[in-house]
């Protein structure tokens, strides 16, 4: 029996690679001779870099020194991979301005900038890279991508005709944008954005309204900050003679999705693109069973999340009658009727009963192995 393991990470607990190893440990108790293939997954957010490096042959993890969201020097990781006839870079913006990094959160959200993401992009362009896969998600910034653009040569000017900081606080005094020094090499680049967020930049469904509060934007300040970002976008688009405010994904990563689309980047499903990069379709060839999962599954899982993308890969490329099983940290019971058709091998939560979140996180490895063992006994009977 060929079994493909293609889970997302269990946020705050295990990486997707660690989830694969825990699942295999449980499966081997029942199916010691099975062919088990690991394809750890991600959707463009945290863990994307790890997933690509773990599953892509020849991927090289490298480090660079850039600014974090608070403006401090920080060492961040990226990867170089072979993509067709080209060498491409995989960037996970959470590595640079991630919300789970205390250093990034050390200053108020109004003072945070995505400058380091632009720095990393520029450094790689200097090295001759022209193909990029950029995972958006898990960011602490809400600057509309102004920091990234600043690192690439765009200048933001105040009423006193002086340059301003590319932060929400700095942009509050913006009156003009100078794009004459924008790095012309960006136009030579092919940039694919990975995300499952399709929000526009501004408005009631925009970056600030939907994601700002979790980054530190006070509810009372949402309208004001959104207005600042709207003014920034209006002046930037006038200078560039392009528009991207309403494009799906413009609101991803605090507006990084907007700035990068203005530069010509293409938006793509994060999970589907990662599946392609790690050769999941090829791994599913002749597979009888696929196991996927995530920290918590609900109706949103079917909207392009990692488990859904993995199950679709099996459906298209697996053996006749292949089964896709969902094993997650928790599953919304109200979502089971809608999940069942996609996960024809069953949907299972690893929690052995009512337990605390702390215990669920601490013992996830054991719970995953035990659940995989029991599911294997069912399907092998």
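Give 87, 35, 75 a once-over and let me know the one that is farther than 15 Å from residue 139 by Cβ, in contact with a strand residue (DSSP E or B) (Cβ under 8 Å, 6 or more places away or on another chain) and free of Cβ contacts under 8 Å to residues at least 24 places away in the same chain.
Numbers: 87 fails: free of Cβ contacts under 8 Å to residues at least 24 places away in the same chain; 35 fails: free of Cβ contacts under 8 Å to residues at least 24 places away in the same chain.
None of the other options fit; the residue is 75.
Pick from segment 31-70 the residues that are under 21 Å from residue 252 (Cα atoms) and over 19 Å from the mean Cα position of the chain (by Cα): which of them is surrounded by the most Cβ atoms within 10 Å (Cβ to Cβ)?
Of all residues in segment 31-70, those under 21 Å from residue 252 (Cα atoms) come to 41-52, 67-70.
Applying the additional criterion that residues be over 19 Å from the mean Cα position of the chain (by Cα) yields 67, 70.
Working: 67: 22, 70: 20.
Selected residue: 67.
Let me spell it out: the conditions are (1) assigned to a loop (DSSP other than H, G, I, E, B); (2) buried (at least 20 other Cβ atoms within 10 Å of the Cβ); (3) more than 17 Å from the chain's Cα centre (by Cα), and residue 26 meets all of them except one. Which number is the exception?
So the condition that residue 26 fails would be (1).
Residue 182 versus (1) touching a residue at least 24 places away in the same chain (Cβ under 8 Å); (2) more than 22 Å from the chain's Cα centre (by Cα); (3) not in a loop (DSSP other than H, G, I, E, B): which is the lone unmet condition?
(3)
So which of 206, 212, 254, 270 ends up being at positive phi and under 24 Å from the mean Cα position of the chain (by Cα)? Can you show your working first?
Values: 206 fails: at positive phi; 212 fails: at positive phi; 270 fails: at positive phi.
Exactly one residue qualifies, and that residue is 254.
If residue 117 meets every condition in (1) part of a helix (DSSP H, G or I); (2) modelled with pLDDT under 95 apart from one, which number is that one?
(2)
Does residue 195 meet the test of being modelled with pLDDT under 95, crowded, with 16+ Cβ neighbours inside 10 Å, under 26 Å from the mean Cα position of the chain (by Cα) and within 24 Å of residue 130 (Cα to Cα)? Spell out the reasoning first.
On the way: modelled with pLDDT under 95: yes; crowded, with 16+ Cβ neighbours inside 10 Å: yes; under 26 Å from the mean Cα position of the chain (by Cα): yes; within 24 Å of residue 130 (Cα to Cα): yes.
It is true that residue 195 is modelled with pLDDT under 95, crowded, with 16+ Cβ neighbours inside 10 Å, under 26 Å from the mean Cα position of the chain (by Cα) and within 24 Å of residue 130 (Cα to Cα).
When only residues in segment 207-256 that are touching a residue at least 60 places away in the same chain (Cβ under 8 Å), outside any helix (DSSP H, G or I) and out of contact with any strand residue (DSSP E or B) (no Cβ under 6 Å at 6 or more places or on another chain) count, which is surrounded by the fewest Cβ atoms within 10 Å (Cβ to Cβ)? Full working, then the answer.
Just the residues of segment 207-256 that are touching a residue at least 60 places away in the same chain (Cβ under 8 Å), to begin with: 207-208, 211-212, 214-217, 225, 228-229, 231-233, 235-236, 238-240, 249, 252-256.
Then keep just the ones that are outside any helix (DSSP H, G or I); that gives 216-217, 249.
In the following step, the residues that additionally are out of contact with any strand residue (DSSP E or B) (no Cβ under 6 Å at 6 or more places or on another chain) were identified as 216-217.
Values: 216: 16, 217: 23.
In this case the residue turns out to be 216.
For residues that are part of a loop (DSSP other than H, G, I, E, B) and either modelled with pLDDT of 95 or more or not assigned by TED's automatic domain parsing to the domain that holds residue 199 (or both), tally how many sit in segment 142-163.
So the count comes out to 7.
Could you grab me the full set of residues in segment 304-333 that are more than 20 Å from residue 18 (Cα to Cα) and part of a loop (DSSP other than H, G, I, E, B)?
The answer is 304, 318, 319, 320, 321, 322, 332.
Pull up segment 290-303, narrow it to residues that are touching a helix residue (DSSP H, G or I) at 6+ places or on another chain (Cβ under 7 Å) and not in a helix (DSSP H, G or I), then point me to the one that is surrounded by the fewest Cβ atoms within 10 Å (Cβ to Cβ).
Within segment 290-303, the subset touching a helix residue (DSSP H, G or I) at 6+ places or on another chain (Cβ under 7 Å) is 290-294, 297-299, 301-302.
Then drop every residue that is not not in a helix (DSSP H, G or I), which leaves 290-294, 297-298.
Numbers: 290: 31, 291: 32, 292: 33, 293: 34, 294: 27, 297: 28, 298: 18.
Taking the candidates together, the pick is 298.
Scan segment 342-362 and give yes if some residue there is under 26 Å from residue 268 (Cα atoms), outside any strand (DSSP E or B) and not assigned by TED's automatic domain parsing to the domain that holds residue 137, otherwise no.
To start, the set of residues in segment 342-362 that are under 26 Å from residue 268 (Cα atoms) comprises 342-343.
Next, only the ones that are outside any strand (DSSP E or B) stay: 342-343.
Next cut, not assigned by TED's automatic domain parsing to the domain that holds residue 137 only: 342-343.
So far as segment 342-362 goes, yes, one or more of its residues are under 26 Å from residue 268 (Cα atoms), outside any strand (DSSP E or B) and not assigned by TED's automatic domain parsing to the domain that holds residue 137.
Somewhere in segment 47-54, is a residue more than 20 Å from residue 187 (Cα to Cα), assigned to a loop (DSSP other than H, G, I, E, B) and in contact (Cβ under 8 Å) with a residue 24 or more places away in the chain? Walk me through how you get there before you give the answer.
Step one: of segment 47-54, the residues more than 20 Å from residue 187 (Cα to Cα) are 47-54.
Now narrow it down to the ones that are assigned to a loop (DSSP other than H, G, I, E, B): 47.
Still in the running and in contact (Cβ under 8 Å) with a residue 24 or more places away in the chain: 47.
Checked segment 47-54: at least one residue is more than 20 Å from residue 187 (Cα to Cα), assigned to a loop (DSSP other than H, G, I, E, B) and in contact (Cβ under 8 Å) with a residue 24 or more places away in the chain.
Given the criteria within 22 Å of residue 244 (Cα to Cα), buried (at least 19 other Cβ atoms within 10 Å of the Cβ) and free of Cβ contacts under 8 Å to residues at least 60 places away in the same chain, does residue 140 qualify?
Values: within 22 Å of residue 244 (Cα to Cα): yes; buried (at least 19 other Cβ atoms within 10 Å of the Cβ): yes; free of Cβ contacts under 8 Å to residues at least 60 places away in the same chain: no.
Against the criterion (within 22 Å of residue 244 (Cα to Cα), buried (at least 19 other Cβ atoms within 10 Å of the Cβ) and free of Cβ contacts under 8 Å to residues at least 60 places away in the same chain), residue 140 does not qualify.
The values are calculated or read from the model by the stated rules, or taken from the named source; none is laboratory data. Just so it is clear, the model here is predicted, and its values are computed rather than measured. Cβ coordinates were reconstructed from backbone atoms using ideal geometry, including for glycine residues, and neighbour counts include every protein chain displayed.
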